[in-house]
Each structure stands twice: as C-alpha cells, then as structure tokens.
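The next block holds one structure in the form of structure tokens; read it before the comments.
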Amino acid sequence: MRIKIKAFGTTYHLMRGGRESGEFELPPDATVEDALQVAGIDLQDVWITSVGGQQVKLDHLLKEGDEILVFSPVGGG
Amino acid sequence: MGKGYTGRILRVNLSNGNISVETPSDTWYRTYFGGTGTIAYYLMKELEPGIDPLGPENKLIFATGPVTGVPIAGSGRNSVGGKSPLTGAIGFTEAGGFWGPELKRAGYDALIIEGKASKPSYISIIDDKVEIRDASQYWGKLAGDVEDGIKAELGDKGTRVTQCGIAGENLVRFACITNDLTHFYGRTGMGAVMGSKNLRAVAVRGHTPVEVADKAKVSEIAKFMVEKWPEIAGGMHEYGTTGTIVNLNAAGGLPTRNFTQGVFEGAEDISGQTMNKTILIDRDSCFACPIQCKRVVKTGAPYNVDPKYGGPEYETLGSLGSTCGVKDLEAVCKGNELVAAYVLDSISTGVTIGFAMECYEKGLLTKEQTGGVDLKFGNGPAMVDLITKIAKREGLGALLAEGSARAAAKIGNGAEKLNVTVKGQEAPMHDPRLKMGLGVGYMLSPTGADHCHNIHDTGYEKRVDGLGPWGFVETIKATDLSTKKMAILKVGTEWKIFDNCAQLCQFVPWSPDQVVDIVKAVTGWNTSVYELTKVGERAYNLARLFNLREGFTERDDALTKKFFTPFKEGAIAGVAPTPQEVDRAKRDFYELAGWDRWTGVPKRWKLEELNIGWAGDEYDRVNCAGG
C-alpha cells in the first residue's frame, strides 16, 4: 500500500534525503513505526504522530492512502 | 584581563553630562563575565531599593559579553537591563543584531546610562568620541525614520542605532528597545526606562576588531558551524522559530484565546509553512551568523506590510495571532510591523490585547470602553488598531499600556483571574500545562514569566544529549515535576543565563563543550562547564537578591491561576499541574539552589560559595535592619 508522510518542526531534514514530505510503498499490515523506518526518520526525532487528524501511537496500523503527520520535539521559540 | 573584552566600561550621566570610562579588574570580569552578570552586579551595587523605575535614579545598562563581536555564529548579542517598570523587579533582556559587536569595536564592554536629559537626546559613540546630542527632531517619529535620520546626520551608513520608540517616549510599561529595526531587547519594559531618561537612541560606530586569545581556534570553531549548519540547523534557516506553531498546536499547547485553549483552528493559516509559501520574501541574519533564522515579509493591500521591519517570529505569531484568536496571517504581520515601528514588546502587547478581548467577551469591558470596537477574539483589524492606541496611550490603549496586571486591577470584577502574568510580566507562548518544569521556571524567573532563561520540557522527552555534562542522561516527561526535573531546571536556567553573560545565541546549536571551547579560545582562560555554570548561577542569585531587597518574597514566585485549569480539548485535555504540585516543586528548587525552603532567601553559604558575600551584606543591610 502507498502512504504519505509529512514532517513538521524545526528539525527540518527529518526524512532520508532531507525532505519534508514523501510517499512510500509499504506492506499491507504496516504500522506508523514501520513507515517512519522506511522513510529513514530517527524515532528519537519524533515527538507526535497523527493520522487523519488524530494523534496515534507508533503501533497504529496504517491503511492505503493514509497520510502521517510527524512532529519533532520542540524546545524554545 | 581575559581577551575578548575591551576592559572598558563607559558611563554617561544624562543629568549633568558627565562621561567617564572605568576599567574593572581581570578578576571582576571572570566573576561577573558580561551581559546579565554585568547588569545584575551594577544594579545590586548602585541602585537604592524602592526607586521609581521611571525616575532619574534608575540606570539603563547595555552590556556585551566576551563573545560579542567575535566572528562566530551566535555572537551578535548583548543585554540591556535596569529596574523594570513593568514588574518593579530586576529587568534584563537580550537581542542579537549588530549593535553589540559595534559597541565592542568602539572600545567598550558596557554602557551605563544614568540620570535624565533635560530635553530629547541621543548618545553618539564613535570610538573615543562620545557625545550627548539633541534628538528633538526625532521625538515622536517611527523607528525607521529615526534610524535613517541619525545615520544621515552622522554621515556614516555603518553607524548602528539602538532606540526606544514612540512607545518608550510614552512610557508604555512594556515598551522595548530595538537595534537595526529588526532586533529586539523585548522584555521587561526597558524602552520605557530609556524614554523616561529623554533618551531616544544610542548610535555607535567602532573601528577596532575584538581581540581573541587563540585566533586559529576561533576560526576552526567558526568553520564548524559554517560547514555544518545545513545539517544541524537547516530547520532554523528554513522556518526560523515559526515552525513551532504547528508542533505546539499538534501537542495541544499552542496558547489560544488568552490561554483558554491549546488548539487553534487557524494554526495552519499563521504557520511558518504558510508564511514561506505566501509572503516570505527574504531571510535576515545577525553578526557573523550563517543560519539566517530571521524572516522578512511583504504584503499588498489592505495591510501593505513594510519589509524593512522584517517579519514575525514564533512568539509574535502566537501572541498577536492565536492568543488573540486571529488567523489572518497578513493582519498578524501588520501587527508585527507596528510593534517594531513603535518599539513594543510583541509578547506583552499580544497577551495584553488577548486579555482585553477576553474581558470584552466576558462583559468586563464594554463597547463604550473599547471606543465602539467589537473587541472579540479573532478581530484582526481591532488587534492591529489597538497596537497604535497602546503606543500612543489613546482610548483603551491608555489602560492597556500599563500592562495586563495593572489593567486587570483597574477593571476589577474578577478580571484578575483572566490576566496571564507572573510578577506582572505577560507569559510568553509556552504553556505550563504542556511544559510543567517551564511553569516553575516562570514562577522563579527574576524578570517575571520568561521562556529564554528557562527549560522547555518537551525537548527532553526524546533526547537529553545537551544535559550530559551535568549528569542527566535519561529522557524525562514534560509533565514531570519531580526533584530531578527541578535539578534540570536549575542547571538549565543557569546555563541559559550564562549564555546571556557570555552572549551566545541559544538558537545556534553549540554543544556545552563547544561553548567551553569558544570561551577558552576567546578569553584565554582555562575554564570548564562547571565554572561557566557557576557564572550563570552567580548572576541568577544576584538577580534574586535584587528582588528580595525590593521587597519581593516567595509568595511572588507564583503561577497565574489560569494554568491550573485543564484544557477541555486537544492532546493534553484534562491535564494541568496542581497548585500543591508546583508549590512542592518550587520548594525543592529552593533547596537545590541553596535557598531557604520556606522563605526562598539564598543561604549565606551559597553566596560565599559564589563569591558574592557582599550582596548578602547588602540584603542584610536593607531587609534585616532593626531586626
């Protein structure tokens, strides 16, 4: 199945290749954690993940066409 | 004396025109260091308690650090301090830019301004030539006009100008000071102190580069950041701090509608991502910094935002945007232009307007009091309009120019419960319901609620790399208020205050070890994380003693009630610290800091350890007299 990932936050280059967003091919029973690994995102840089506007945990099961939003931890501002 | 310093402190008395230079010892410099340390030292030594912050007895101090003006990333900074007219406590605030490096090049580590000029004036410093000049033609003018005028008058485009604005002239209690129009000494109302002295600006031009102990090492460190920033600070270049909006909104902690909500439906509209795609036309930087985290925006009608005042950072997007419920990015950018042109603290301005909006919605302010304006949350044009009214003290602006705590007391009828201040200073855009250690940091900050000399707990949920030198190697939850979190708050605060003594920008990701290397290479002193943390701790203790001498007590180390009420929606719905939890945490902090658990007064042994026993004597002279 194909899913989208979009990264937000001051940790700009989260994804492999320094991208902010991308599409990835994953097996049918993939979780959010699987997707992040395929995208090359270090879990230490991940603070919050959401799918369809709802916060989800790393073991959340994905479905075709899902878009994962990834937020990095924030410090000051 | 260590290298990096000029060894000279300039003193200008505006009442009698005296101009003098003093040369502190090497020991003094290594003890108080610069920036916040210099300010805390002089204010504790030279101010009598109880003076009027807007009277001639107050002093306004511009202080650089050893790193200011050294050609490495993050060295464009200096502090400004005095007794705060907003809080009545010690005030200090920092900015980047180019003015601080120019003061060093002119041959001064700090500038102490005393007294009050008999007419509008500005100070011109061109190396050894220091003059008090007439500023009558600049009084009442916008910052951009004053900047252009002074540069033309002095005939040197390389002149750097720092100034208070119309807001400072009108003694708005949260007026700030700007340099080069886009860098702000934002907090604690130092612009009003400047205005109270009839001092509109300080123009500086210098021609002597800052001397360092180990030039080759400084170049090597500088090269590291020039080469590595795209990898380790690429996000700061791309979005500056504006990227924070969507993250905090997702976390449920984006201050919204005067802190009544943590999720803003307009977050994407005012986000850095949207700004980049629409109105961002350029990026700006500070002295010697390759990262360029600052924004420059331009819009067409109706707001026609002028790019010469830059663009909003996260704090301004949050305060004029989500805090006021305004999701029109161009209105927020117009607000940013106006606070820059009038020289107001954007945080206090936005939070005060947000407070007024909540008062209006709850019927505590009437349409008659707002001048017929429907001051509901989300009214962008009203927010923009109120900024000018505050700066000029017109209509409702006259009340709000006093700050939201004083305004709340005057409005009465429970308005106090709606104001979001600590020690009278409006809270910045970080919510203690999300970052609980930061909440205790707000309580303890000597300048009132502040996010810069503080910790951001959410940053430690996944990584604690930066805390290794102090022995903290395990991640810790943002909601944790344990004694261990207080120990992290203690060293985190001390290290940030040290940054503000040495003058290094906290947005340039230097590791603690690299900071030590920088200080060694600049000063030639064989120093360590331990010694430099003590420098921060010393300045922190001096600031606390200043406040205790003014009559502040542990009861003033308190969080505004709003933060104890959980949000009803979003990722942290139902979560809030309790008054009991934060009180216990505060007292744990006192003990860790060597302060009395119940009174919060630093113990004598702590002051002796920090080599500031003299400040303990001074505290005793005032607070224990007759006892």
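Here is how the number arises for the protein assembly as shown: DSSP H runs of 4 or more residues each give -39500 (n - 2.57), the sum is divided by the residue count, and the result at 222 nm is -10500 deg cm²/dmol. Our summary gives region B:9-205 a relative contact order of 23 percent, counting only alpha carbon pairs under 8 angstrom and 6 or more residues apart.
Beta bridges per DSSP, both residues in chain A: antiparallel share near 70 percent. Simple spin-label estimate for B:Glu394 and B:Ala558 gives 3.8 nm between the two label positions (7 Å along the Cα-to-Cβ direction from each Cα).
Taking the Cα atoms of region B:257-354, the ratio Rg/Rh between the radius of gyration and the Kirkwood radius comes to 0.96. Here the calculated FRET efficiency for B:Ser25 and B:Thr475, from their Cβ-Cβ distance with R0 = 56 Å, stands at 0.80, rounded to the nearest 0.05. Computed extension length for B:Glu211-B:Trp598: 134.6 nm, one decimal, from 0.36 nm per residue of separation with the Cα-Cα distance subtracted. Charges were assigned to the Cβ only: +1 to each Lys and Arg, -1 to each Asp and Glu. The resulting dipole of chain A about its Cα centre is roughly 220 debye. Projecting label points 7 angstrom from Cα along Cα→Cβ for B:Asp513 and B:Lys119 puts them 6.0 nm apart. Within a Cβ distance under 13 Å of B:Gly380, other residues only, what is the Lys/Arg minus Asp/Glu net charge? It works out to a net charge of -2. Within the shell of other residues whose beta carbon sits under 11 angstrom from the beta carbon of B:Phe507, the net charge comes to 0, with Lys and Arg scored +1 and Asp and Glu -1. In region B:9-205, the portion of solvent-accessible area held by carbon and sulfur atoms comes to 46 percent [1.4 Å probe, whole percent, DNA, RNA and ligands not counted].
Were the residues from B:His237 through B:Arg8 laid out at 0.36 nm apart, the gain over their Cα-Cα distance would be 78.9 nm.
A Förster radius of 41 Å combined with the Cβ-Cβ distance from B:Val226 to B:Glu268 puts the calculated FRET efficiency at roughly 0.75. When the residues B:Cys164, B:Cys293 are ordered by accessible surface, computed with a 1.4 Å probe over the protein chains alone, the sequence from largest down reads B:Cys293, B:Cys164.
Across the options A:Phe24, A:Leu58, A:Phe8, the greatest Cα extent toward the positive end of the charge dipole of region A:2-71 (unit charges at beta carbon of Lys, Arg, Asp, Glu) belongs to A:Phe8.
Rounded to the nearest 20 debye, the dipole size of the protein assembly as shown about its Cα centre is 1120 debye, using +1 on the Cβ of Lys and Arg and -1 on the Cβ of Asp and Glu. Using alpha carbons only, how many angstrom separate the centre of region B:540-556 from the centre of region B:363-413? Computed from Cα coordinates, the inter-centre distance equals 31 Å. Determine the shape class of the protein assembly as shown: with a ≥ b ≥ c the square roots of the Cα gyration tensor eigenvalues, call it rounded for a/c under 1.5, and otherwise prolate if a/b is greater than b/c, oblate otherwise. Verdict is rounded for the protein assembly as shown. Note on B:Lys561: lysines with a C-alpha under 20 Å away, same-chain residues under 8 apart excluded, are B:Lys362, B:Lys410, B:Lys417, B:Lys423, B:Lys435, B:Lys586.
Hey, how many Å between the Cα centroid of region B:195-253 and the Cα centroid of region B:301-342? That distance is 22 Å.
Computed with every protein chain present, the accessible area of B:Phe98 is close to 50 Å² [probe 1.4 Å]. Considering the options B:Thr87, B:Val21, B:Phe62, tell which one lies farthest towards the positive end of the dipole of region B:9-205, charges being +1 on Lys and Arg and -1 on Asp and Glu at the Cβ, about the Cα centre. Of the listed residues, the answer is B:Thr87.
Taking every protein chain into account, the 1.4 Å probe leaves B:Val226 with about 90 Å² of accessible area, to the nearest ten. Rolling a 1.4 Å probe across all protein chains gives A:Glu64 an accessible area of roughly 120 Å².
Under 13 Å from the 7 Å Cα→Cβ point of A:Met1, by amide nitrogen: which residues of region A:39-77? Within reach of a label on A:Met1: A:51-52, A:60-68. Under the shape rule built on the C-alpha gyration tensor, where the axes satisfy a ≥ b ≥ c, region B:238-426 is prolate, since a/c reaches at least 1.5 and a/b is greater than b/c. About the centre of its Cα atoms, region B:436-623 shows a dipole size close to 320 debye [charges on the beta carbon of Lys, Arg (+1) and Asp, Glu (-1) only; nearest 20 debye]. The alpha-carbon of B:Lys606 sits under 14 angstrom from the alpha-carbons of these aspartates and glutamates, leaving out residues fewer than 8 places away in its chain: B:Glu537, B:Glu591, B:Asp596, B:Asp617. Between the listed residues B:Leu317, B:Val263, B:Thr388, the Cα displaced farthest toward the positive end of the dipole of region B:238-426, a dipole computed from Cβ unit charges relative to the Cα centre, is found at B:Thr388.
The values are calculated or read from the model by the stated rules, or taken from the named source; none is laboratory data. Please read these numbers as outputs of a predicted model, since none were measured by experiment. Note that we place each Cβ from the backbone using ideal geometry, even for glycine, and neighbour counts take in every protein chain shown. We work out accessible area using only protein heavy atoms, side chains counted, and drop any ligands, DNA or RNA first. Shrake-Rupley method; radii C 1.70, N 1.55, O 1.52, S 1.80 Å.
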